């Protein structure tokens, strides 16, 4: 155990040395020169207005964190590196082990170098795993280590109270302290998610052991924030004695606390105690967003790591119903914009936001299996598609006018879908009753109903062969440019209503 604990201690020291680099004023200024601060503040205010419209109060600082996450993944970092492609043959390289780092690579913290070989021309390609934030400004690619390293540096440069979190089961992310909520927010730049701490255990299926957070003035064992299965985690923690870990971290933190003025020390101790108490709380509810599998990295790489997660299912879910204005007009309308990721309920041709609008594609779905919303960073497109690694995906929307004293007379649907190669999309509009009228969508489609109050629209996505790594991309619905107009809707469902007979 002494040998294991010595190795554990060196890992703690190494990670702490990493976060000390973030305090370099030159590095902070360098990163600030690359961050569009004013633009992000504008985007943060847009996010805040959207939250307020949804009756969710979020501080400007917390909204800025969300804007930073989105910018970092969509515009700043270039991609998640699973393997290297040959720049001559464009073939995907195969791993052939590790190489010896050069002096220049070591200068920038590239102590590990992965080697790949082109299967066609046999060219050897090097992938140094750089640890220095300054070098990452130049390369802007890598895996979770490089992503979290650079994102944490961005947060520090913006003045956020920040921690770098190392997961002993091979992942890294960031925590940002919310001044408004007085708690730490989990931020994963690879996944563009915030405040979803159970994602790794509930969604990816990780068997967590140690998750240690590092800041310039603090080290904290935050494993318990990221797990609902504390007893199972404890049984897997074999790298050191629990009392040794507590004592070691307390010794670190005492040195930091002893340097603070008495009033600041009191605040820090109160925050630490509040966080420790939060770890003892009853089992946390798993949010729907925490049930998703990993999205960063190639599907086969994620499958090999067991991080694809389970097929997602939502049922039963949301049902659209007419409001008073719809009933008076004898019409009802439901539209969805994939760019805004929002359902609009207004009857007017121009999209006018209203109280009945629904934010988030998933929140307007009646049932769904293995679907997700994709933001295609290279082509700047967004769409709904089936989950990577699945054979098919289905999604259903439902409209019920029964409680309004009306029936559906006629339904007209315009829905955009796109296929590539052997991709297949079938969209079906039907009355929700045995023997009900059914129609397959083909362009703008109108269904004259039998007067039933409930209709459903279902999309089925699949490929003929499913034999290619990216075949999930071959079937898409509601594809739109990410920089397109948010009020342009790729789905438009229009209903004519009549009094119930």
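Just so you know, all these numbers are worked out from the coordinates, no wet-lab data involved. Because the structure is predicted, anything quoted here is derived from the model rather than measured. We place every Cβ from the backbone using ideal geometry, glycine too, and count neighbours over all the protein chains shown.
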Relative contact order for the chain, counting Cα pairs under 8 Å that sit 6 or more residues apart, in percent: 11 percent
Relative contact order for the stretch 24-80: what is it in percent, counting Cα pairs under 8 Å that are at least 6 residues apart? 32 percent
In the stretch 314-499, how does Rg compare with the Kirkwood Rh, expressed as the Rg/Rh ratio over alpha carbon atoms? 0.97
Which FRET efficiency value, to the nearest 0.05, do you get for residue 217 and residue 180 by plugging their Cβ-Cβ distance into 1/(1 + (r/R0)^6) with R0 = 25 Å? 0.70
Quick one: angle between helix 242-258 and the longest Cα principal axis of the chain, in degrees between 0 and 90, rounded to 10, please. 80 degrees
Please compute the Kirkwood hydrodynamic radius of the chain from all pairs of different C-alpha atoms, in Å with one decimal. 25.4 Å
Modelling each spin label as a point 7 Å along the Cα-to-Cβ direction, I'd like the residue 269/residue 363 distance in nm, to one decimal. 4.3 nm
Calculate the length of the line joining the C-alpha centroid of the stretch 245-266 to that of the stretch 49-71, in whole Å. 33 Å
Tilt relative to the chain, helix 60-71 - C-alpha long axis, 0 to 90 degrees, to 10: 90 degrees
Taking the simple approach of a point 7 Å from Cα along Cα-to-Cβ for both residue 465 and residue 432, what is their distance in nm? 3.9 nm
Estimated FRET transfer efficiency (residue 7, residue 94; beta-carbon r; R0 35 Å; 0.05): 0.65
Roughly speaking, what is the stretch gain from residue 49 to residue 250, that is 0.36 nm per residue apart minus the C-alpha to C-alpha distance, in nm to one decimal? 68.2 nm
Taking r as the C-beta separation of residue 168 and residue 285 and R0 as 30 Å, the FRET efficiency to the nearest 0.05 is 0.70
Just need the relative contact order of the stretch 314-499 here, percent rounded to a whole number, with Cα pairs under 8 Å and 6+ apart. 30 percent
Radius ratio Rg over Rh of the stretch 119-219, counting only Cα atoms, Kirkwood formula for Rh: 1.04
